[in-house]
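Working notes for the structure below.
The values are calculated or read from the model by the stated rules, or taken from the named source; none is laboratory data. All values reported here derive from a predicted model rather than from experimental measurement. Virtual Cβ from ideal backbone geometry, glycine too; neighbours counted across all protein chains shown. Ligands, DNA and RNA are excluded from the accessible area calculation, which covers all protein heavy atoms including side chains. Shrake-Rupley method; radii C 1.70, N 1.55, O 1.52, S 1.80 Å.
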Amino acid sequence: MKTIGIIGAGAIGSAFATALANKGIPAVIANSRGPASLQDLVNKLGPGIRAGTREEAAAQDMVLVAVNWSKLPAALAGLDLAGRIVIDANNPIEAPLFKPVELHGRASSEVFAELVPGAQVVKAFNHLLAHLVASDPAAEGGRRVLFFSGDHPGAKAEVGALIERLGFSGIDLGPLSLGARLVQFPGGPLPALNLVKFG
Ligand SMILES: NC(=O)c1ccc[n+]([C@@H]2O[C@H](COP(=O)([O-])OP(=O)(O)OC[C@H]3O[C@@H](n4cnc5c(N)ncnc54)[C@H](OP(=O)(O)O)[C@@H]3O)[C@@H](O)[C@H]2O)c1
């Protein structure tokens with residue numbers, strides 16, 4: 001399995017890294033403060049996950065971005081993600097005020113996509129609380145559900161395959177214009193639903 005890049009090492013970035021580490025999938029994870037600040041995290045996650053720069057994370061074929069909404073422009077500035085699969089795990093709301101961002105009717109993923117020109121954006125890993133992304137997806141006798149959506153069939157197939165490999169049950173919600181709205185928090189009907197697929 002190829003190394004996956006992770007930009008953002010907070011609640012959701014480190015939960016995703018934990019899920020990868022649990023299945024032996026290598027990753028390079030980055031934050032704003034540099035690799036040295038991530039040593040404790042990567043020591044805890046084990047040898048498959050290493051700390052890197054934003055640029056190193058962005059150089060991987062598949063890159064998950066999990067950064068506070070208002071910090072996304074700075075986190076993605078100067079990175080060339082054209083042609084890469086970029087997973088948008090972000091929501092347009094942030095602590096401490098939790099005031100929804102004005103999106104002027106657009107899906108947040110459509111706004112996000114403009115920050116990563118040429119990338120193949122897949123919306124995923126944004127609709128469950130971080131601790132559920134990090135914990136065992138084998139739950140209640142079934143497999144925890146993760147939704148994904150996007151406009152690039154090949155990219156979506158790869159993210160869907162990753163979701164299955166992590167042990168979750170993936171559900172393809174179609175294009176970004178539809179699927180990203182369904183999982184968007186706030187506004188969509190699906191976020192925070194902890195669903196399990198049986199059989
Ligand atoms: N928390 C959840 O349960 C959850 C669930 C689903 C989706 N989400 C979404 O996921 C995204 C991240 O949320 P979170 O809860 O993980 O936030 P968080 O715990 O505050 O972590 C944010 C991360 O972004 C990094 N970051 C900020 N500016 C950066 C920059 N310029 N370059 C690189 N990295 C930068 C921070 O690094 P530094 O600390 O070094 O600045 C930190 O590692 C948000 O859009 C949120 O809506 C969160």
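Can you tell me which aspartates and glutamates have their Cα less than 12 Å from the Cα of Lys2? Leave out same-chain residues fewer than eight positions away. Within reach: Asp61, Glu158.
For the chain, the square roots of the Cα gyration tensor eigenvalues, ordered a ≥ b ≥ c, give a/c below 1.5, which places it in the rounded category.
Couplings for the range 9-25, taken from phi via the Karplus curve 6.51 cos²θ - 1.76 cosθ + 1.60 with θ = phi - 60°, read 10, x, 4, 7, x, 6, 5, 4, 4, 5, 4, 5, 4, 4, 10, x, 9 Hz in order; Gly and Pro are left as x.
Among the protein heavy atoms of the range 53-173, carbon and sulfur supply 57% of the accessible surface, probe 1.4 Å, non-protein parts ignored.
Between Leu103 and Asn194, the FRET efficiency estimated from the beta carbon spacing at R0 = 30 angstrom works out to 0.75. By its C-alpha gyration tensor, with a ≥ b ≥ c as the square roots of the eigenvalues, how is the range 132-196 shaped: rounded for a/c under 1.5, else prolate for a/b larger than b/c, else oblate? Cα axes put the range 132-196 in the oblate bin. Annotation: per residue accessible area for the range 99-199 equals 46 Å², rounded to a whole number [probe 1.4 Å, protein chains only].
Beyond 30 Å in Cα-Cα separation lie the following of the pairs Lys44/Lys99; Lys23/Lys123; Lys23/Lys99: Lys44/Lys99; Lys23/Lys99.
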